[in-house]
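First up is the structure itself, then whatever we jot down about it.
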Amino acid sequence: MCPSCGNVISDPEWHLADVNVPAPCCGDTGKSRGPWPDSPIRKLIEIASSQDLNTIEGKRTAIIFMYTAVHLMFEKILWKLLESAGEKMKLT
Ligand SMILES: [Zn+2]
């Protein structure tokens, strides 16, 4: 995720881990960029994806893990929006 403009960028080769490489979205450099969603959420998605969807237990487990992953992603997006709004309020 770009720390400057908040865009999520596909970077499977991890080229953008080097902060000197300009972000393709806004050309920003020099700021730390993290993967999105972060590791704990990716693990929840991985667990949900590995369930046997031919069984009711597998479906239930997958739903619970995906629900939790989506909930956490929305929570992180909300925090980013609040941080962004807070920074804008400081500037005005
Ligand atoms: Zn950007």
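No lab work stands behind these numbers, since they all come straight from the coordinates. Bear in mind the structure is a predicted one, so any value in this text is a computation, not a measurement. Glycine gets a Cβ as well: all are built from the backbone with ideal geometry, and neighbour counts include every protein chain shown.
Rg to Rh for the chain: what is it, with Cα atoms only and Rh by Kirkwood?
For the chain, the value is 1.10.
Principal axis extents for region 37-91, Cα atoms only, whole Å, descending order, please.
Projected onto the principal axes, the Cα atoms of region 37-91 cover 54, 17, 9 Å.
Suppose every K and R has +1 on its Cβ and every D and E has -1 on its Cβ; what is the size of the dipole of the chain about the Cα centre, in Debye to the nearest 20?
Values: 10 positive and 11 negative charges, 59 e Å.
So the dipole magnitude of the chain works out to roughly 280 debye.
Helix 39-49 sits at what angle to the longest principal axis of the chain, using alpha carbons and giving 0 to 90 degrees rounded to 10?
Result, in degrees: 30.
Would you kindly calculate the mean projected area, averaged across all directions, of the convex hull enclosing the Cα atoms of region 2-56, in square nanometres? Walk me through the intermediate numbers first.
Values: hull surface 19.2 nm².
Result: a mean projected hull area of 4.8 nm².
Excluding LYS31 itself, calculate the net charge of residues whose Cβ lies under 15 Å from the Cβ of LYS31, where each Lys or Arg counts +1 and each Asp or Glu counts -1. All intermediate terms of the calculation are to be shown ahead of the outcome.
On the way: positive: ARG33, LYS80; negative: ASP11, ASP18, ASP28, GLU83, GLU87.
Around LYS31, the charge tally is -3.
So what's the angle, to the nearest 10 degrees on a 0 to 90 scale, between helix 56-91 and the longest Cα principal axis of the chain?
In the chain, helix 56-91 runs at an angle near 20 degrees to the longest axis.
Less than 20 Å from a label point 7 Å out along the Cα-to-Cβ axis of ILE63: which backbone N atoms in region 12-52 qualify, by residue?
44-52
Of the lysine pairs in the chain, how many meet both conditions: Cα atoms under 16 Å apart, and a spacing of 8 or more in sequence or different chains? Let's see the in-between values first.
Details: LYS31/LYS80; LYS43/LYS76; LYS80/LYS88; LYS80/LYS90.
Lysine pair count for the chain: 4.
Could you tell me which of LEU16, CYS2, GLN51 has its Cα farthest along the dipole of the chain towards the positive end, charges placed at Cβ (Lys, Arg +1; Asp, Glu -1), taken about the Cα centre?
Comparing the listed Cα positions along the dipole, CYS2 ranks first.
Report the calculated FRET efficiency for ALA85 and ASP38 (r = Cβ-Cβ distance, R0 = 22 Å), to the nearest 0.05. Intermediate results must be reported in sequence, preceding the final value.
Working: r = 22 Å, r/R0 = 0.98.
The calculated FRET efficiency here is 0.55.
According to a simple spin-label model (label point 7 Å from Cα along Cα-to-Cβ), what is the distance in nm between THR29 and ASN54?
5.3
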